[in-house]
Every structure is written in structure tokens, then in C-alpha cells.
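Quick notes on the structure that follows.
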Number of protein chains: 2
Amino acid sequence: MAAEQPKDVPTDPASSPAPVTGDEAAAPSKKGAKKAEAKAKKEAEKARKAAEREAAAAATSSGPVEDLAKDNYGEVSKDKKIESAIVNLRNVGEEHVGKSIKLRAWIQNARMQGAKMAFVELREERNWTIQGVVSASAEGEPVSRQMVKWIGGLKLESFVSVEAMVMKPLEPVKSCKVSGFELHLTKVYLVAPAPEMLGLGMGAASRAVGNLDDETASDAPAVEGLSISDGAPVASLATHLNNPAMHKRAPVNQAIADIRIAVEDLFCDYLRARRFKRFHPPSLIGAASEGGANVFTLPYFDKQAYLAQSPQFYKQIEIAGGRKRVFCVHPVFRAENSNSPRHMTEFMGLDMEMEIEDHYHEVMHMLEGVLIYIFGKLATEYREEIELIRSVYPSEEFLLPEPGKEVRLTFAEGQALLRAEGPPEYANVSDDEDMTTAQEKALGALIRKKYHSDFYVLDKFPVEARPFYAMPDPENPQVTNAYDFMMRGQEILSGGQRLHLPHELEATIRSKGLDPNQPGLKGYVDVFKSVGVPPHGGGGIGLDRVVAWYLNLPSVQLVADYPRTPKRLAP
Amino acid sequence: MAAEQPKDVPTDPASSPAPVTGDEAAAPSKKGAKKAEAKAKKEAEKARKAAEREAAAAATSSGPVEDLAKDNYGEVSKDKKIESAIVNLRNVGEEHVGKSIKLRAWIQNARMQGAKMAFVELREERNWTIQGVVSASAEGEPVSRQMVKWIGGLKLESFVSVEAMVMKPLEPVKSCKVSGFELHLTKVYLVAPAPEMLGLGMGAASRAVGNLDDETASDAPAVEGLSISDGAPVASLATHLNNPAMHKRAPVNQAIADIRIAVEDLFCDYLRARRFKRFHPPSLIGAASEGGANVFTLPYFDKQAYLAQSPQFYKQIEIAGGRKRVFCVHPVFRAENSNSPRHMTEFMGLDMEMEIEDHYHEVMHMLEGVLIYIFGKLATEYREEIELIRSVYPSEEFLLPEPGKEVRLTFAEGQALLRAEGPPEYANVSDDEDMTTAQEKALGALIRKKYHSDFYVLDKFPVEARPFYAMPDPENPQVTNAYDFMMRGQEILSGGQRLHLPHELEATIRSKGLDPNQPGLKGYVDVFKSVGVPPHGGGGIGLDRVVAWYLNLPSVQLVADYPRTPKRLAP
């Protein structure tokens, strides 16, 4: 039997790796690395041959085999320890060749090759994968045939802790991101097993979502919603969202999440560097400020509460409170029964508000500044993520204006452009009415052609298209000191100067047919009556939309960590 | 009449400040500064004498006076411009003496001195104040008697834009933070007027709150709740919160807000530097995960929704989703009818969760690390804010353990200490029952005496005191791998290792008398069944509590931007 063969191959480096001195491990010379590489290749060849011999011997034996490698695999336990230090896959290099490392990873693939060899694909994080090889040694330890069989049968997406020697493969392993090295496994411990069958496999999780309609939503069985496209399974958005762990494990979705984090962090960094201060607006409010439409209502002890639809009022209290420049990152709630790839019932807003010294364009330029800063950083420092996402969701490069050549049109200029050069159905669009989504998109296409930019500002919106707190243009009371920012023809930011004198505020509220003494408005106006509040303005950005439009994703629900729609409250 | 006097004093520098060259303004020599200082003093003296002469002359005249200074004051308008550049008060220095600057500020105080001179206290931000002086010139411009009278009568907390020459006062102005300089006002424009009477004056707003009971809450008239202490008016917490603009303008409250911002930013910085990734848990959830007690419920289209009581489930999905280390800053909702200075119905949580490699103390040490980092930074870089706050809310210095001497007791050790050295009523406290708030405080006092630290960890809580997802100690199933962190004897963090294997999770859920298939639990368990999830742990901090306990404030409601309690939903 294999286990009874004499353990007389101590020179086989695959079974007893030469101890590594600390110095070698820390700073190997180039020469040393080459030497190690050559040695490793030789040894790999040797090991392979030994395995072949062993396989031939085993073929002639039979009966139960004592497992000499039993401590080197199996479910993790207290006495199953790995002494080698963890080396993250992004750091694996020539200096590790021929040395033993520890890795904690997911089984992305596992298969037997013959009876004594198994290959696994190990994923550590995002798309960082490496090939692992294991073959039973002639003497049955450190690797036995039972161990190889157990490894080859590991369920996909199980989490394992492995000890392995880093080797150079004979040819680059094209299927893995770490293609220049492979791992010869000496210990494999199962830390967390995956189930027999996944609700969503890594293949489908890593491809573009199919059906965007979340009809089935959270009640649907997890495995529904798979279809076949070009021979590969494609999962619906619902299936993705019903399998959150697998959806989140897919490299493309981790890259989208990383871009979203970057957008938020860059927004905060830019404003903080300009003396903006963070605050947190409340989610629970005592009165619906914007007329009561599309607001979530809930019992609150003996009263009623509402979920905030915007931090507008609170940003302005901060200014009234002498905070000068503020920003916030906060959830926004909209009880709108819209089932579209543009809408969610809860989403993250990035908001800012600042005192105005002379002109509201100070605010507009600050907002242009922060967005151009974000887009510039994404294009340079997040190239890898963008390319990974594009390999799944193709998009054209997002065009930015040259510095000093920002694209700014008034609303009226935008409408004039649509009338003059847009599709015939827009030949009569009015300067006093808000644009439709379709008009916006058509204008976006015209502007891209004319100004070579996917990012532009529409300024001076008509009074009719703005809420009561918008400051009218002193030169032309038909329009306001308010703007929208557009990306690829879609709105991502709305902002402007606000009325700061209480009598003007009350007059505008009345002109909109509202009563300044109604709940939700009285408290608002009272703040401006309670002290002198300097002129101010700001804007609010939908975080998920910025990311979705920048990457040209088919739905904002691919950006939010836990999208909420009229049909979805889970997970 | 004064206005008819010949305008023959062109050399009066108060009325026509010598133009400043760009170079002088940018980089004055020390010598230049001294010269300018001497010149400015002389000129101030001259101006004062001229004003006296003028006052004597005016005393003998009567009738309406043409106002030659009328363009230099009054309500701001398009043609009332100030050309000088803004200099922020924190930057005013010798190099500005004798030069004209622009300032935008609040009127903190205004009074006449005789008929031709007025003093104002101008506040720019937090406690940055400076004295402004204005006296009517003999020739009636640039400063007329009407202008002086108007300035002296400005309502407190109005917002003004001023042009002024920076001068050295004869004596330091003790009442102002900028005591070494004063401003000789040449233009004062009212940007936003304050009302005749403030609901809460800066004096009371800047003192400690009186009555903490928010009984009157938001329906009370703003000016109620004032009492007198040591001859100075003291406002109740309710009055503070009902006057948000004035409450926020008080320097002490701005300093508290700045400390709160620092705690949040330092938390995020520390974790980000250790490869933690931010995510956003949802507020709206489909099922109440923690048994349904104290949860806000709302109609959600044709379903019901709940407001999240913790991001626990979502942090764990992130780990299941391969994100390895995550953190979030998010609102937490608790429908608990507790009217105490420790409770709010909505507050900000700082949460983290991470994979565990070998032992859950990796997580505990990470959390200790981030908190000690925060406290260290506060003590060194936020000294000014802390001292300002202490001048209103006295507190002892927060004691930290020496590096490497962190104070860590097991729950049982804590109880033993209470039994041995605590008050007699705790002579029989049990190791299996959670501590009361009073017990915690008593233990905190004992630990401060014994270990000279206000910050310590209680580890290994009994199973009975922990939720179903807590990992039992493998050595002793009566206790868990879970801990609380304490500040000044009060809990600020709760955390530990979580169960990651679905069969163990189901068993513990059952042992707590719950059904793993009930809504809210099934979705939770299903995630662990859907893939292999590595061991993990984490913890959650109440942001407002950390700040309140660190500063020894009487209520967490002084920390939150917009505190929410069972009685308060406004502003």
C-alpha cells in the first residue's frame, strides 16, 4: 500500500520544503530569485514524475488505506494550524517562489485530474485568483490520495485556509489574475463549507444582469431568473439581488462598489479641504415639508412622523446656525411608486450648502469643481475598476470639458438648441416649462456633439420648474438662480440660491398657492425670522445616479448596496 | 449744519485710507508693520479728536441733516459694494494694521457711546469676535451721525458686510477673541436683519443648558424655559432645541459639533487605512430582525416596512459577499419610549465588521485601536475645542491606558471586582446576569481608581446577556466571544464574534426560544446557507454617546445635530 512505502524521499522538495531564512524571504536578490525559480521548476518536474510513479503503483493496490495526511486537510479545528505567514495575492512575487505561504480564499473552481491530482482556483478578493495544484505523494504524506480527492471535491464558494509553496507554472495560468505563479498545496482546511448547489453561480454573477424587471422581487426562489445567452447563463436583476452574497462576490459588482465608495470619499475630501463641515440631517421629521406627496408616514408614539425627502431645510438651519459651509451624506426617502431603473425608494444623497458672498455662481462653481475633481480622479486612479466594469457593461469614455471651458447653458439656451437642432418633436419646446427626461437626453446628445462633453450645467431654470425656496433672478423674475447638472443627458444634481429673507420666502410660498403657516412650512419660515440668515445656496447629488450614469450601467439598483424599490425590501 | 461744512480734511486717513499695494499686503516686513502700527495709532488719535470737535459743533446745530454717508451703510444692494478683500478673523495680523479689509459677520453686540460713536462686537465664526468702532467724521462722510446711530441700533444676530481699517486698540479688547486689533468701520451693509427680540440670546445659548427635561418639546413658545442662575439667564434644553439657529451659533455648541465630526472622521480614517471598505446599510427593511420590540413600523405600498435598529445583518452580508473588512456610518432607529439624557429614537452609529483569521481578539484589538486613536487625536489636536467646552461643561481629563497596558477584564472579573470592592449592595452580583447601568458606573469608578483609565473592555459576556448571533466561547459555553467597551463607566460599544455556520446559528436561535424560519430570521440564516462565510466579528459605536461621555456632557441630545426623542421631532 502507498502508506507503507518507505519514507525515503527527503530530498523531494514538494513534500518537505527547504526552510526559508528570514533574510531570504525579506529581500531576495534577482539572482537568488532566478535560482529559486529554476530550482522550483526542477522540483515541480520531479514531483510530477514521482506522482506518476505513485499512481502506477497505486493502480495495482487495493483495500482501505491509512491516511497519513489526515492532519493536513479537512474541517478546520484548533489543532489544525498553519504556521506560514499570510501573503496576499496582490503581493505574491518572485521572492516567494519555493517558499511556503498561507492564504485564506474561496474555492472558485475545483476538479480532479486522474486519481491523484487536483486543480483548484482560489479567489482571495475581487478578481484576485490563483491556481492551486495538489498531487498525492508516493509516501502518502504530506499529501495523500484521500486528501487530493477531498480537495478536488470541495464545493464552489467554500472558504478555505491553505498552506502552499509558491511555484512558477510551466506556462502562464491564463484563467487566473495571478498567472505567473501557482500554489502547490500542502495543507487545506475547510473554514466554511458552501452548499451543494449555489443559488447564483460565479459565472452568472459576473456577467451583466439580464431582465431588469424586479417583478419577482424578494419572494421569488433564488434560482429562478436564469436564462441562457451565447451559451452562458445570465441571471435577472432579481436573481442577483436575491442572492446577495454571490452578487457581491462577483468582481464586477465589487468594482462598482469601490467606485461608489470613491465618489463619496472624493466628494467629502474636496469639500472638507475647503472648510465645509459635515453634519447629519434627521431621517425622522415632524411634518412633510414638500407638500406631502410621495412621503412615507409612520406612527410615532402619540404623533405621526415622516421620512425625510431631502435635507434641504436642515442644510439651511446649519447656515442659519453660523456653520457657513456644510455637507452631508444621508439617506433620502421617496414613497414614489416608480418601477424604473432610475428610481429607488431609499438612496444616498450627497448634499452641500454654503454662504454666498457676491453671486450664486460661487456655489455653482464649487459644485462643478467637486464633480470635475471626482471624474478626474476616477479616470486616472480607478482605471482598473473601470476597465473591469466595462468588460461586463460596455460604455464610452465619459467626456469632460477642458479646464476653464466648462459647458454652461441657461435653460433657455438649452431649449433654443433643442428647437434649432433637436428632433422635430421638440421644435416648439417652451422656455417656461420643465424638460422631460426624453428632452434632456436629446439635449445631452446635442451637447456632446457640439461641446465634446458629457458633463454640463443648465442654469436659470424657470420659476415654474422650481420649489418655493428658489431665489428668483433679480434681473428676470421669470427665472431662478437655480441649476441642474447633467451627465450623459441625465440630471444628477439640482441646486441653486435659496431665499433667505423671511418676507420674500412667505411671498413666494403664497405665490405657489401654499400657506406659510401650514405645518412643515411654518417651522421653516420661523428659522429665517428668528435671526438674520446670510444669502446661501447649495445642491444635492444622488450618489447612485452619478455612479450609474458615469459607468453607463443599466440600473441604479446595481450601484446601491441594498436597493429599495416599491417591490423590494429585502435582503 | 454738519453736512454743509467744507470737505477740506482730505488728509484724514480714517476717511480715505492710503491705498495698499499688493506687495505690502502680501508680505509686509516687520519694520513695515511697526511703522504702519505707529501710523495707525496716530491716525486713530487724530480721528478721535476730529470726532470730538465735530460732536461739539453738532451739539449746537439742529434740523434735518443731508446724509453724505448714505451710500456707506444701510441695507445691502447691488450698488453698495466693498472692494477690499475678505480677511478672516483668524488670519488678522500686524500686516493688516492701517489697511482696509472686508468682513462678513454677525452683530454680537452694538451700543452707542454718546451721539457720535458706536461700538459693535462682530462675530465671524464660532467664538471668533472682534471689536468694531465707528465715529462720525466732522465732515459727515465717510461716516455721518446718522450712520453711527444706525450701526449702534443694529439688532443682535443681524448679518452684516463691513469695510474697515484694522487698528491697534490702546488696550487689548478683553471681551473679544481677537483682542489685539480692532476695526474702524467705514462701510456697514445689512445683509440679513435679525428680529427685534431673539427667542434665545447668545448669552444663554452659550451657557450650560438648565432643565434637561424636554417636556415642553417643540410646541412650546421659543422664549419659554429661561431661568436665572448667578444673575445670568439660563435656558432649558427645550429652549435651546426650539431655537436651533441660536443654539448652533453658540461657540460651545459649535465646538461640540466639531468634536463630533472629528470622532466620525478619525473612525473612518483609521479603518480605511487598514483596508476597511465603507458601505451603506438600508434604513427601510422588510422584517424586524430583533424580535419586533422597539421597532418603528410603517405602511410601504401594499406591504409593511420597518426602520432598521442596527446594521448587524447587513454588515454580515458584506462579509458573506467577500468584502473582508467593512464599516458604515448610518442612522439607527429605536422606538423606545425612554425619556432620558442617554436615549434618542434616531442616532448615528459607527459600525465595523471584519473577517477573523485566528481569534476574535483581532477584532477587539482593532476596535480598541480605533478608539484609542480617536481619543489620542482629540486630546492633542482638539485642545482648543475641549477647553472651550470645559469652560461651559466642566469635566475631568479623560484617562487613557498607556500603550500596551490596555485595561481588559472579563465580565466575571468585573463582577468579582464589584463584589469585592464595590458598594455593599453589589456584594452578590452574579456572573450570569447582565449589569445594570448603576453597576456599570460603580465598576467604572473602581477601575478608574485601580487602573487609572476611563476606557476599558469587558470581555466574555454571559450567553444570557447576548443576542442569538453571538459566538459562544469554545472553552466555556456559558459565556460568549463578545465584549462591551466602556467610557467613564458607561457602555459605548457592543460587539463580538458572530456565528458563521448555519447549523450552529439555527441551534442558537432555537435555544433562545425563537424560530429560525420566522420572518426576519429566515432571510438571515439563508445567507449563511447560500455560501461559505468565513469567521467574523465586529462592533458598533453610538457616535453621540462617545462624544457625550468623553466630554462628560449632561445629555446626548447636546451632541446630535437634530436630536429625536419620543417628544421631539422638530426642527
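The values are calculated or read from the model by the stated rules, or taken from the named source; none is laboratory data. Everything numeric in this text was worked out from a predicted model, so none of it was measured. Ideal geometry is used to build each Cβ from the backbone, glycine not excepted, and the neighbour counts take in all protein chains shown. For the accessible areas, the whole protein counts, side chains as well, though only heavy atoms, and no ligand, DNA or RNA atoms are used. Shrake-Rupley method; radii C 1.70, N 1.55, O 1.52, S 1.80 Å.
Take each residue of peptide B:320-330, count the partner chain Cβ atoms within 10 Å of its Cβ, and average: the result is 5. Convex hull volume of the C-alpha atoms in chain A, normalised per residue: 211 Å³.
Rounded to whole numbers, the Karplus 3J(HN,Hα) couplings from phi for segment B:196-213 are 3, 9, 7, x, 8, x, 4, x, 5, 4, 8, 9, 4, 5, x, 4, 7, 6 Hz, using 6.51 cos²θ - 1.76 cosθ + 1.60 with θ = phi - 60°, and x at Gly and Pro.
Residues of segment B:230-278 that bury at least 30 Å² of accessible area once all protein chains are present, compared with their chain alone (1.4 Å probe, heavy atoms only, ligands and nucleic acids left out), are B:Ala245, B:Lys248, B:Arg249, B:Gln254, B:Asp258, B:Ile261, B:Glu264, B:Asp265, B:Arg272, B:Arg275, B:Lys277, B:Arg278. Distances between copies at B:Lys450, taken between label points 7 Å from Cα along the C-beta direction, are 7.7 nm in increasing order. Between the beta carbons of B:Ser391 and A:Arg272, assuming R0 = 41 Å, the FRET efficiency works out to 0.90 to the nearest 0.05. Here the label points at B:Glu357 and A:Ala420, each 7 Å from Cα along the C-beta direction, are separated by 6.5 nm in the simple model. At 7 Å along Cα-to-Cβ for each site, give me the label-to-label distance between A:Met112 and A:Arg510 in nm. Output for this residue pair reads 8.7 nm. With a 1.4 angstrom probe, the accessible area lost at the B-A interface totals about 7500 Å². The trypsin sites (Lys or Arg not before Pro) of segment A:390-440 that DSSP puts in a loop, and whose beta carbon has at most 14 other beta carbons within 10 Å, are A:Lys405.
Once each of the GluC sites (Glu not before Pro) sitting in a DSSP loop with at most 14 other beta-carbon atoms within 10 Å is removed, chain B keeps B:225-356 as its longest stretch. In nanometres and ascending order, the distances from the A:Ala379 label point to those of the other copies are 4.8 (point 7 Å from Cα along Cα→Cβ).
Placing +1 on the Cβ of every Lys and Arg and -1 on the Cβ of every Asp and Glu, with no other charges, gives chain B a dipole of roughly 1700 debye about its Cα centre.
When +1 charges are put on Lys and Arg Cβ atoms and -1 charges on Asp and Glu Cβ atoms, the dipole computed for the protein assembly as shown relative to its Cα centre reaches about 1960 debye. Placing unit charges on each Cβ (+1 for Lys and Arg, -1 for Asp and Glu) gives the protein assembly as shown a dipole about its Cα centre, and among B:Ala208, B:Val178, B:Pro535 the Cα reaching farthest toward its positive end belongs to B:Val178.
In this structure, the amide hydrogen of B:Ala194, modeled 1.01 Å from its nitrogen in the peptide plane, lies closer than 5 angstrom to those of A:Gly532, B:Lys155, B:Ser158, B:Phe159, counting only residues at least 5 positions away or on a different chain. Each residue, A:Ser175 and B:Asn294, gets one label point 7 Å from its Cα in the Cβ direction; the gap between the two is 5.1 nm. Distance between the C-alpha centres of segment B:76-155 and segment A:243-274: 48 Å, rounded to the whole angstrom.
Here the contact order of segment B:252-558, divided by its residue count and restricted to Cα pairs under 8 Å and six or more residues apart, works out to 21 percent. Remark: segment B:418-433, residue by residue, has Karplus-estimated 3J(HN,Hα) of 4, 4, 7, 10, x, x, x, 5, 9, 5, 10, 4, 9, 7, 9, 10 Hz, where x stands for each Gly or Pro and the curve is 6.51 cos²θ - 1.76 cosθ + 1.60 at θ = phi - 60°. Helix A:502-511 and the long axis of chain A differ in direction by around 90°, with both axes built from C-alpha atoms.
For segment A:340-388, rounded, prolate or oblate, judged on the Cα gyration tensor with a ≥ b ≥ c (square roots of eigenvalues), a/c < 1.5 rounded, else prolate if a/b > b/c? Note, shape of segment A:340-388 comes out oblate. Going out from 0 in 20 Å bins, what whole percent of all Cα-Cα distances in the protein assembly as shown drops into each bin? In order of increasing distance, the bins hold 10, 34, 33, 17, 5, 1, 0 percent.
Chain B comes nearest to the axis taking it onto chain A at the Cβ of one residue; that residue and its distance, in whole Å, are B:Leu298, 2.
Comparing each chain alone with all protein chains together (probe 1.4 Å, DNA, RNA and ligands left out), the residues of segment B:541-571 losing at least 20 Å² of accessible area are B:Asp561, B:Tyr562, B:Arg564, B:Pro566, B:Leu569, B:Pro571.
Remark: segment B:87-102, residue by residue, has Karplus-estimated 3J(HN,Hα) of 10, 6, 4, 5, 9, 5, x, 3, 5, 9, 4, x, 10, 9, 10, 10 Hz, where x stands for each Gly or Pro and the curve is 6.51 cos²θ - 1.76 cosθ + 1.60 at θ = phi - 60°. The residues of chain A present an accessible area of 41 Å² per residue when probed at 1.4 Å with all protein chains retained. Candidates A:Leu505, A:Val392, A:Gln518 compared by Cα position along the dipole of segment A:252-558: farthest toward the positive end lies A:Gln518, with charges placed on Cβ. The angle between the Cα long axis of helix A:30-59 and the main principal axis of chain A comes to about 60°, on a 0 to 90 degree scale.
When the charge dipole of segment B:297-447 is built from unit charges on Cβ atoms (+1 for Lys and Arg, -1 for Asp and Glu) and taken about the Cα centre, the candidate among B:Phe375, B:Val429, B:Leu446 whose Cα reaches farthest toward its positive end is B:Phe375. Rolled with a 1.4 Å probe across the full set of protein chains, the surface gives B:Asp214 an accessible area near 10 Å². Here segment B:461-485 and segment B:339-374 have alpha carbon centers that stand 16 Å from each other.
Using a 1.4 Å probe over the heavy atoms of the protein chains, calculate the carbon and sulfur portion of the accessible area of the protein assembly as shown as a whole percent. That share works out to 52 percent.
For segment A:93-168, averaging the sequence separation of C-alpha pairs within contact (under 8 Å, six or more residues apart) and dividing by the residue count gives a relative contact order of 42 percent.
Taking the label point 7 Å along Cα→Cβ, B:Leu514 and its counterparts in the other copies are spaced 4.2 nm apart, in ascending order.
Computed over all pairs of different Cα atoms, the Kirkwood value for the hydrodynamic radius of segment A:456-512 is 11.7 Å. Peptide B:305-313 has a mean shielding of 2, counted as Cβ atoms of other protein chains within 10 Å of each residue's Cβ.
Only helical runs count toward this figure. For chain A, summing -39,500 (n - 2.57) over DSSP H runs of n ≥ 4 and dividing by all residues gives -9500 deg cm²/dmol at 222 nm. With contacts taken as Cα pairs under 8 Å and at least 6 residues apart, chain B reaches a relative contact order of 11 percent.
Using the Cβ-Cβ distance between A:Glu83 and B:Asp432 with R0 set to 35 Å, the FRET efficiency works out to roughly 0.40.
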